[in-house]
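To start, the structure itself, in structure tokens.
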Amino acid sequence: MTKKFSFTLKNTENKARRGEVVTAHGVIQTPAFMPVGTAATVKAMKVSDVKKSGAKIILGNTYHLMLRPSAELIEKLGGLHKFMGWNGPILTDSGGFQVMSLSKIRKISDEGVEFSSHLDGSKHFVSPERSIEIQHMLGSDITMIFDECIQFPATFEQTQKAMERSISWGARSKAAFKERDGYGIFGINQGGTFKDLREISAAKLVEIGFDGYAIGGLAVGEGQKIMFEVLDYTPDFLPKNKPRYLMGVGKPSDIVGAVLRGVDMFDCVIPTRSGRTAQAFTRNGTMNIRNAKFHDDAKPLDDKCGCYACVNHSRAYLHHLTKANEILAAMLTTEHNIFYYQDLMKDIRAAIEEKRFTAFAKDFMEKFGDEVVEEEVVVS
Ligand SMILES: [Zn+2]
């Protein structure tokens with residue numbers, strides 16, 4: 001029997017939350033990190049290895065999949081789960097962010113967005129109704145509302161206008177969503193760095209009523225300090241009994257700091273993209289494996305990590321593969337990074353359960369809070 005989509009709060013410590021999301025394709029323990037599978041693949045990783053990392057849910061991108069290979073084809077082939085061979089939960093974004101950041105020649109109206117594909121220039125139109133229809137064809141467990149994303153920095157007026165349009169698009173998205181057991185739709189809180197807009201946005205979204213609430217418009221170049229300031233108040237505007245998802249975040253210290261402020265779910269391309277640029281996340285901080293000092297280092301990337309790379313290979317081997325531009329370098333480093341992120345989430349969950357997360361977070365921020373990963377805007 002299919003279970004209803006639900007969220008249960010199991011433990012809390014101050015604002016940090018330990019919960020459980022039930023979906024049609026399985027249960028997600030929160031706080032959770034969702035590896036990004038933009039084009040129906042978590043780049044450089046086999047699905048079986050994503051599973052082994054402990055990831056329970058992955059993210060797919062509506063914008064990319066509608067353009068190639070098309071939602072119609074994926075639906076014909078049995079949906080995104082079957083198409084990519086992933087039988088766990090999938091969250092799809094609505095395409096809004098990529099339409100704004102990747103496509104050319106956009107025309108935005110109250111009706112929707114007309115744009116040209118960044119692949120071949122072909123013309124497309126996405127409205128809230130079309131975005132929800134595409135996500136339905138993909139078969140995603142968690143559908144996101146279609147919202148208007150704006151560039152950072154933006155004025156109060158620009159932010160307010162986009163937030164209001166996103167609310168109206170959110171209501172249309174909800175109306176277009178076909179309710180079935182185990183499938184949910186999340187609203188997206190907007191309002192930039194303006195507290196009153198965040199509060200109005202949250203209140204209006206709650207009035208419409210969603211299965212979960214995302215916080216959008218962050219990690220767009222404002223920096224960790226400002227992001228944490230917004231997170232100091234925004235989660236408090238959202239219902240306690242629904243999951244909260246911070247979109248596109250982040251580096252490890254961003255995640256720890258956001259959990260501390262009451263966020264439950266995350267997604268980001270940082271671990272996978274860094275895996276392709278020889279950057280590894282470890283319990284001792286980030287390391288660039290291209291660095292000459294690793295050329296004869298016989299130790300694994302991280303001796304506490306159980307991933308294939310750490311169990312079987314040395315830093316020297318990874319350094320060699322990277323220098324030689326071997327594909328395996330990207331595969332092993334990516335897999336390691338995804339394992340690291342999943343281990344981090346496991347540690348976070350255990351710390352909340354044992355009421356020691358506040359101390360865990362303080363220690364983590366002291367060690368890694370200043371670490372610079374890649375500050376550029378993540379677009380896909
Ligand atoms: Zn590893």
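Filter segment 283-317 down to the residues that are surrounded by 15 or more Cβ atoms within 10 Å (Cβ to Cβ), among the aliphatic types (A, V, I, L, M) and within 10 Å of the ligand (Cβ to nearest atom) and list them by number.
Selection gives Leu301, Ala309.
Only residues that are small (Gly, Ala, Ser), outside any loop (DSSP other than H, G, I, E, B) and within 27 Å of the chain's Cα centre (by Cα): list them for segment 300-320, please.
The answer is Ala309, and nothing else.
Looking at the structure I just gave you, is Ile226 closer than 21 Å to Ser131 by Cα, among the aliphatic types (A, V, I, L, M) and surrounded by fewer than 24 Cβ atoms within 10 Å (Cβ to Cβ)?
Judged against the criteria, Ile226 is not a match.
Kindly establish whether Val263 is among the aliphatic types (A, V, I, L, M), touching a residue at least 24 places away in the same chain (Cβ under 8 Å) and closer than 30 Å to Tyr213 by Cβ.
yes
Here are some residues: Arg165, Arg172, Arg130. Which one is surrounded by 16 or more Cβ atoms within 10 Å (Cβ to Cβ), in a helix (DSSP H, G or I) and free of Cβ contacts under 8 Å to residues at least 24 places away in the same chain?
That would be Arg130, the only listed residue that is surrounded by 16 or more Cβ atoms within 10 Å (Cβ to Cβ), in a helix (DSSP H, G or I) and free of Cβ contacts under 8 Å to residues at least 24 places away in the same chain.
So is Pro239 open to solvent by 10 Å² or more (accessible area, probe 1.4 Å) and either away from the ligand (no atom under 16 Å from the Cβ) or farther than 30 Å from Glu326 by Cβ (or both) or not?
Yes; evaluated as a whole, the condition is true for this residue.
Return the total of residues in segment 318-327 being open to solvent by less than 60 Å² (accessible area, probe 1.4 Å) and free of Cβ contacts under 8 Å to residues at least 12 places away in the same chain.
Result for segment 318-327: 2.
Mind listing whichever residues of segment 254-269 are over 14 Å from the mean Cα position of the chain (by Cα) and outside any helix (DSSP H, G or I)?
Once the filter is applied, which keeps residues that are over 14 Å from the mean Cα position of the chain (by Cα) and outside any helix (DSSP H, G or I), segment 254-269 yields Arg261, Gly262.
How many of the residues in segment 339-359 are within 16 Å of Thr282 (Cα to Cα), out of contact with any Ser or Thr (no Cβ under 9 Å at 6 or more places or on another chain) and open to solvent by 10 Å² or more (accessible area, probe 1.4 Å)?
2
Since Phe7 meets every condition but one in (1) in a helix (DSSP H, G or I); (2) surrounded by 16 or more Cβ atoms within 10 Å (Cβ to Cβ); (3) of a type outside the set (Gly, Ala, Ser), which condition does it not meet?
(1)
The values are calculated or read from the model by the stated rules, or taken from the named source; none is laboratory data. Keep in mind the model is a prediction, meaning the values are calculated, not measured. Glycine gets a Cβ as well: all are built from the backbone with ideal geometry, and neighbour counts include every protein chain shown. Keep in mind that these areas ignore ligands, DNA and RNA; they rest on the heavy atoms of the full protein, side chains included. Shrake-Rupley method; radii C 1.70, N 1.55, O 1.52, S 1.80 Å.
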